[in-house]
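The values are calculated or read from the model by the stated rules, or taken from the named source; none is laboratory data. What you see is a predicted model; the values in this text were computed from it and never measured. Reconstructed Cβ throughout: ideal geometry from the backbone, glycine too, with neighbour counts over all protein chains shown. All accessible areas refer to the heavy atoms of the entire protein, side chains included, with ligands and DNA or RNA removed. Shrake-Rupley method; radii C 1.70, N 1.55, O 1.52, S 1.80 Å.
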Amino acid sequence: MIRDTFADATHTAHASVALLGEDYPGVRIRADVAQDDLVAQGQILFHDAGQPAIKFVSPLRGRVSALSYGPRRTLAILVIDPDDGGPDPQVNLPKPGDDVRARLLAGGLWPAFVARPFGGPPDADARPAAIVVSAVASSPVAPDPERVLEGRWAEFEAGMDGLTTLTDGPVHLCLASGTEIEGLSTARISTHRRRPGRKWRTAGAQMARVHPLPPGAQVWTIGYQDVIAAGHFLMTGSFDPFRTITTHRPEWDIPREVRVPLGVNLDRLLWKGERVKPGWCLRSGSALHGRRAGYLGRHHEEASIARDHEQPHGSTAKPLIPLGSLDRALPFDVPAVPLMRALSIGDAEVCGKLGCLDLLEEDVAPLTAICTSGTDYGRCLRDVLDQIRMEGAPCS
Amino acid sequence: MFLTRALHGRGTGRVVAIQTLALLPPVAVTIWQTGEPAIGVLVVALIVVLVWDYVFAALRGHPFTPEGITTAAIVTVFVSPDIPLWHLIVVLSLGSVVGERVFGGRGYGFLSPATAALALALLSLPGLVFPAQSPAVALACLPGAVLLLVTGLLSPFIVLGFLAAVMLAFGVATTPEATALFVAGAAALVFLVGEPTAAAVTPSGRIVHGVLAGGLTWIFGGSSPSPPTTEALVFAALMASILAPLIDHLVVSGNAWQRQRRRG
């Protein structure tokens, strides 16, 4: 189904990369580099202002060409242009120690985790009730995990072993049915195999099935490629910024697989210097859960040129017609239409009662796509989650 | 495949268009059977509801959407063609304004304006009787029902709940009985009970909504085994849509309670 063109890293050697604030909701940052600084691969770019132990590192060697902040000193975007010339940049690569947690934090691999509730990287000292590892293709056209894992089982195993030290609970490995795994002897790892479908592809759906969020506790999710990178780091001490993704253009029959650095410039990857056609846009992530973007999202494994469905924000709110297809849009036991109504008016109490703490923006993206009202439920959910986080956990 | 996504990300205009398409066959059959009086009812009804749609759109500065088309079409299918015109104008105005426009239009309220207008007509004019539905009209509702089911505007849960309840309540055992029930109830089920903006919105709530509407039809029809009258169906649809928010509230509360219990 997917064309077998494993392009090598040179394919995107001259593309810039970016770290995007929308991948790290709620994280206020302190920059460790300034604009125009030369940085090495794996060098710390900035850290979490509230928790200095959480570092964010550069996917490649280059020059910081843009650094801008969002509201309340959150990150808007940090762009690095590749730059091979000049003197070697100052490298402050972390020293290897024994503690997996400290090494992942210092090596900039911590932001690979997404903590639920609320999303974003988990607290540096938090211990989740469970960790859910997704090794299922996030959409029918995403890279096949079995192929990506080929030849990298040792690193994956090292990564999984590392994960077991971070939690007192189980580490759940979610696989497509029929996937053969090598190694992984630890008793703390429980594997789950299901036929990949709508209710088994996204991290949120997998968590809802294998380990629903216990009250007052956290569950972390992480993708299998990030586990490989963590294992690689724990084994060698070097930062592996490359991920396998699929790219798709409308005129291609089948998507192509490429290995690209995290946060790669999609303009460079997909348009290749052509003029942007009106009515089309670059999309990072799957058709159902992705977003319009110029750079690859931190947790996305697909990029495409897609029809631009972004609706212009009208002056008047349009009504919500409770279509039957909305009921099947969420893979959670959350009633869709009552949740949409509560989200659209920002009613945090009702949203909490309906189970919105299980959800993140990507989970409600299908509701936005289907709904007749044109409401951006992802944005509404973020507002509600922020409100709940500030006021403390709701009673539900 | 195209039809299942026909409404995704579109506004109410497309919803009204699909519902109008579904209503075309029954309206055409009604006109074919009754002739000019039915055309008169349809034209007057269209003028009344569209005037109200336009007035409210202009007052609120909203774009005009001819949402009233469906209200007028549904009323044409149900009322007797010799209804006094002033009466038609009054109940349609009340139904459209009180049932829909005061809430802000289609999708904002909790009532179907057509159901409200029909119920008002029955309440305000003692002795008014709606004609029994003809088999041809009932059959003409089927293509529309399929279209509404596929596009997600008619919930299969409501349909199944309603059918199960009426079959039990009316004690259907033979084919003629089932046919009589189908002829009497098809149009009311598809266009009154099933109206998505006036029904429950959770899957299990929709089953309860359908069962409730079916049970009320039997009670309002005098608990007799003869096929339900149109009046009983209209009042059952109205009561069910008034109770729909309560049904949803109970379902959501039960869901939250279950989640809490399951996760300790």
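Using a 1.4 angstrom probe on protein heavy atoms only, the contact between B and A buries about 2500 square angstrom of accessible area, both sides summed.
Can you check what the net charge comes to around B:Val48, using other residues whose Cβ is under 15 Å from the Cβ of B:Val48 (Lys, Arg +1; Asp, Glu -1)? Mind showing how you got there, number by number?
Details: positive: B:Arg101; negative: B:Asp53, B:Glu67, B:Glu100.
Result for the local shell: -2.
Annotation: per residue accessible area for the stretch B:135-263 equals 41 Å², rounded to a whole number [probe 1.4 Å, protein chains only].
The orientation-averaged shadow of the Cα convex hull for the protein assembly as shown, equal to a quarter of the hull surface, comes to 32.8 nm². Compactness of the stretch B:2-124 is given as radius of gyration and Dmax, 14.4, 44 Å, from Cα positions. Heavy-atom surface analysis with a 1.4 Å probe gives the protein assembly as shown a carbon and sulfur content of 60 percent of its accessible area. For the stretch B:1-28, a decrease in accessible area of 50 Å² or greater in the assembled protein chains relative to the isolated chain, with a 1.4 Å probe, applies to B:His8, B:Gly9.
Highest mean first, the peptides A:336-344, A:26-34 sorted by other C-beta atoms within 10 Å per residue fall in the order A:336-344, A:26-34. With a 10 Å cut-off around each Cβ of A:321-334, the average count of Cβ atoms from other chains is 6.
Could you work out, residue by residue across B:252-259, how many beta carbons of other chains sit within 10 Å of that residue's beta carbon, and then give the average as an integer?
On the way: counts 10, 1, 0, 7, 8, 2, 1, 11.
The shielding value for this peptide is 5.
Checking buried surface per residue: for the stretch A:215-240, which residues lose a minimum of 20 Å² accessible area in the protein assembly relative to the chain alone (1.4 Å probe)? The answer is A:Pro215 - residues whose exposure falls by at least 20 Å² when every protein chain is included. Distance from the alpha carbon centroid of the stretch A:330-364 to that of the stretch A:262-298 works out to 28 angstrom.
Tell me, what is the FRET efficiency for A:Arg193 and A:Asp36 to the nearest 0.05, using R0 = 56 angstrom and their Cβ-Cβ distance as r?
Once the sixth-power term is evaluated, E becomes 0.65.
Excluding B:Phe110 itself, what net charge comes from residues whose Cβ is under 15 Å from its Cβ, given Lys and Arg +1 and Asp and Glu -1?
Numbers: positive: A:Arg341, B:Arg101, B:Arg106, B:Arg206; negative: B:Glu100, B:Glu195, B:Asp248.
Summing Lys and Arg as +1 and Asp and Glu as -1 gives +1.
Let's test this: bin the Cα-Cα distances of chain B at 5 Å from zero up to the farthest pair and state each bin's percent. Final binned percentages: 1, 6, 13, 17, 20, 18, 13, 7, 3, 2, 1, 0, 0, 0. Would you jot down the residues in the stretch B:136-159 that end up with at least 30 Å² less accessible area in the complete protein assembly than in the chain alone, with a 1.4 Å probe? The answer is B:Gly152. Taking all protein chains as they are arranged and a probe of 1.4 Å, the heavy atoms of A:Tyr69 leave approximately 80 Å² accessible to solvent. On alpha carbon coordinates alone, what is the Rg over Rh value for the stretch B:160-264, Rh being the Kirkwood radius? Computed over Cα atoms, the ratio is 1.07. The residues neighbouring A:Pro59, those whose beta-carbon lies less than 11 Å from its own, together hold a net charge of +2 under the Lys/Arg +1, Asp/Glu -1 convention. The sum of -39500 (n - 2.57) across all DSSP H runs of n ≥ 4, divided by the residue count of the protein assembly as shown, sets its helix-only mean residue ellipticity at 222 nm to -13000 deg cm²/dmol.
On average, how much area does the Cα convex hull of chain A cover when viewed from any direction, in nm²? Walk me through the numbers on the way to the answer.
Working: hull surface 77.8 nm².
Its average projected convex-hull area is 19.4 nm².
Each of B:Ala169, A:Phe156, A:Ala229 was scored by the projection of its Cα onto the charge dipole of the protein assembly as shown, and the greatest displacement toward the positive side belongs to B:Ala169; charges sit on the C-beta of Lys, Arg, Asp and Glu.
Per residue, the solvent-accessible area of the stretch B:2-124 (1.4 Å probe, heavy atoms of protein chains only, all protein chains present) comes to 42 Å². When only Cα pairs below 8 angstrom with a gap of at least 6 residues are kept, chain A shows a relative contact order of 16 percent. Computed over protein heavy atoms with a 1.4 Å probe, the accessible surface of the stretch A:356-396 works out to 40 Å² per residue.
Our estimate of slack between B:Ser80 and B:Val55, defined as 0.36 nm per intervening residue step minus the Cα-Cα distance, is 6.2 nm. Treating each Cα of the stretch A:149-224 as an identical point scatterer and summing with the Debye formula, the log10 of I(q)/I(0) at q = 0.14, 0.28 Å⁻¹ comes to -0.47, -1.52.
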